[in-house]
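Encoded as structure tokens, the structure appears first; notes follow it.
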Amino acid sequence: MNRLHVLSVTAEIFPLIKTGGLADVAGALPAALAAHGVRMVTLVPGYPQVIAALETATAAATIDDLMGAPATILGGRAAGLDLLVIDAPHLYGRPGNPYIGPDGHDWPDNARRFAALAQVAAAIGDGLVPRYRPALIHAHDWQAALTPAYLHYAGRTAPPVVLTIHNLAFQGRFPRALLPALGLPDHAFTLDGVEYYGEIGFLKAGILFAQAITTVSPSYAAEIATDGGGLGLGGLIAGRGADLVGILNGIDTAIWDPASDALIPHRYSADDLDPRALDKAALQEAFGLDLDPAAPLFGVVSRLSEQKGLDLLLDALPELIAAGGQLALIGTGERWLEDGFRAAAARYPGRVACRIAYDEASAHLLQAGCDALLVPSRFEPCGLTQMCALRYGAIPVVARTGGLADSVIDANEAAIRAGSATGIVFAPIDRTGFAAALRRAIAAYRDAPGWQAMQRQAMRADVSWHRPAADYAALYRRLAD
Ligand code: ADP
Ligand code: GLC
């Protein structure tokens, strides 16, 4: 098998910079694909966190004018990743969240910052870095989505570009007046170009010009090709249906392994579940919950946003508490949800606890200690926390949408008899549907042997990158040949 050189282009990569699952995926792909003969180098913006993490760095290329100032492309390694880093302090030399400034708003020059990422990607595809020619470019989300547009307007047909949509809700829409600043020709501003409802649409352009489009689960691939789920892009996506495929994400099963996880106090496996009870107690203690081994303990690890449906959980709390349940939550995000969970913790001391924070160690403890992990998302392209939950024997209770529906097998009668159930999948995604799911979860939890059988089945589910990596490699080879 000959080696295939792929340039992955992303605005986030774990463990260097992360706001969500995109970072996890971008961080896991290179190692997962190495096993398939793919040599993946990742192009990332040179945020301070990234520059600081570089273990080795050499100037691979220079650009005289990248959105108004010079830039250096650094080649180097960090945390086991092969990187090309855009060292351009005028665009990326800002600490903290990669998209949002200290005033809580998007950086005003985000169009330029991420158009620059795509411009550099296209230039590397076209030979900017001496002795490095990727056979294919894999661009992630709106931040990298202009890559195939730049290649197109430069008259290039190679290398082919795969665009992965991790979340259609983030589309990268910017004012038309920016067209010249972004280095796009006037004639690009048409329906067959970057124009999108009178603005410049980064993701729209990517969907139009990429040679192939993937999204992060088969169900989400079907959902986004419809008017309802397409958020304005459904028609365009449906038109590209022949080039669209859903590949379910995996998780890094070395980082997420309850048998060897250094971030949890008691390690366990499907064959030896007993220590899990000690993790539950540790979680209750760490979060200030009553030390109550018999209480069904529900967990949440999530961004707090409308997408995640956690307002449904706020509504369901009185019934959950009345049924003897507990809730431990870790998350950050929108103010109304943060406030809502803070208020709930104050109202139900010992029964509801929240950490309004982003903290990896707490996320691991929560997965190891809670009985069931709640993911009531209104839509969910893939979702990673339910996969971590499967692996940790925390029974996922998930909405029937996108990747949640594709990764959890509902404990219906047939699945229980077949021994294949791994969680609870509910619909409709509303207060009634979720309340019913919580009742089912509590009833199932009270049947200890049945619950343990489901935990073991969940822990045996293949949530690794094994299969998805093979799918990506096959796609790359088909396009690059
Ligand atoms: P999304 O990308 O939409 O936020 P995913 O489920 O795909 O959702 O990915 C979320 C990732 O972020 C997971 O790795 C999850 O463990 C992590 N995560 C989310 N919130 C927190 C938090 N408050 N603390 C630690 N990790 C978190
Ligand atoms: C996005 C989606 C999430 C998915 C992640 C990684 O953040 O919201 O569902 O798991 O990308 O693909």
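The values are calculated or read from the model by the stated rules, or taken from the named source; none is laboratory data. It should be emphasised that the depicted structure is a prediction, and the values quoted were computed from it without experimental measurement. Heads up, the Cβs are rebuilt from the backbone with ideal geometry, glycines too, and the neighbour counts pull from every protein chain shown.
Structure above, values below:
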{"read-out": "All positions within region 134-159 that are in a loop (DSSP other than H, G, I, E, B) and touching a strand residue (DSSP E or B) at 6+ places or on another chain (Cβ under 7 Å)", "value": "P134, A135, A145, P159"}
{"read-out": "Meets criteria (within 23 Å of the chain's Cα centre (by Cα) and within 16 Å of ligand 2 (Cβ to nearest atom)) for A212", "value": "no"}
{"read-out": "Some residue of region 305-317 being small (G, A, S), buried (at least 20 other Cβ atoms within 10 Å of the Cβ) and away from ligand 2 (no atom under 16 Å from the Cβ)", "value": "yes"}
{"read-out": "Checking V85 against (1) surrounded by fewer than 23 Cβ atoms within 10 Å (Cβ to Cβ); (2) touching a Gly at 6+ places or on another chain (Cβ under 6 Å), the condition it does not meet", "value": "(1)"}
{"read-out": "Of the criteria (1) within 28 Å of the chain's Cα centre (by Cα); (2) surrounded by 16 or more Cβ atoms within 10 Å (Cβ to Cβ); (3) assigned by TED's automatic domain parsing to the domain that holds R378; (4) of a type outside the set (A, V, I, L, M, F, W, C), which one Y445 fails", "value": "(1)"}
{"read-out": "Some residue of region 157-176 being among the basic types (K, R), surrounded by 15 or more Cβ atoms within 10 Å (Cβ to Cβ) and farther than 20 Å from L74 by Cα", "value": "yes"}
{"read-out": "Number of positions in region 279-295 that are of a type in the set (A, V, I, L, M, F, W, C) and more than 30 Å from the chain's Cα centre (by Cα)", "value": "3"}
{"read-out": "Qualifying residue in region 45-53 (condition: touching a residue at least 24 places away in the same chain (Cβ under 8 Å), surrounded by fewer than 23 Cβ atoms within 10 Å (Cβ to Cβ) and of a type in the set (S, T, N, Q))", "value": "yes"}
{"read-out": "Residue check, G419 touching an Asp or Glu at 6+ places or on another chain (Cβ under 7 Å) and more than 21 Å from H166 (Cα to Cα)", "value": "no"}
{"read-out": "Selection status of A405, under 16 Å from L374 (Cβ atoms), of a type outside the set (S, T, N, Q) and crowded, with 22+ Cβ neighbours inside 10 Å", "value": "no"}
{"read-out": "Residue within region 432-451 that is of a type in the set (A, V, I, L, M, F, W, C), touching a Gly at 6+ places or on another chain (Cβ under 7 Å) and within 30 Å of I213 (Cβ to Cβ) present", "value": "no"}
{"read-out": "Region 388-416, subset assigned to a helix (DSSP H, G or I) and without any contact (Cβ under 8 Å) to a residue 40 or more places away in the chain, residue farthest from ligand 2 (Cβ to nearest atom)", "value": "E413"}
{"read-out": "Residue that is nearest to E285 (Cα to Cα) [pool: residues in region 333-355 that are assigned to a helix (DSSP H, G or I) and of a type in the set (A, V, I, L, M, F, W, C)]", "value": "A345"}
{"read-out": "Region 363-387, residues that are more than 11 Å from ligand 2 (Cβ to nearest atom), touching a Phe, Trp or Tyr at 6+ places or on another chain (Cβ under 7 Å) and either within 15 Å of Q326 (Cβ to Cβ) or outside any helix (DSSP H, G or I) (or both)", "value": "C370, D371, A372, L374, P376"}
{"read-out": "Residue list for region 1-44, filter: more than 16 Å from ligand 1 (Cβ to nearest atom), assigned to a loop (DSSP other than H, G, I, E, B) and charged (D, E, K, R)", "value": "R3"}
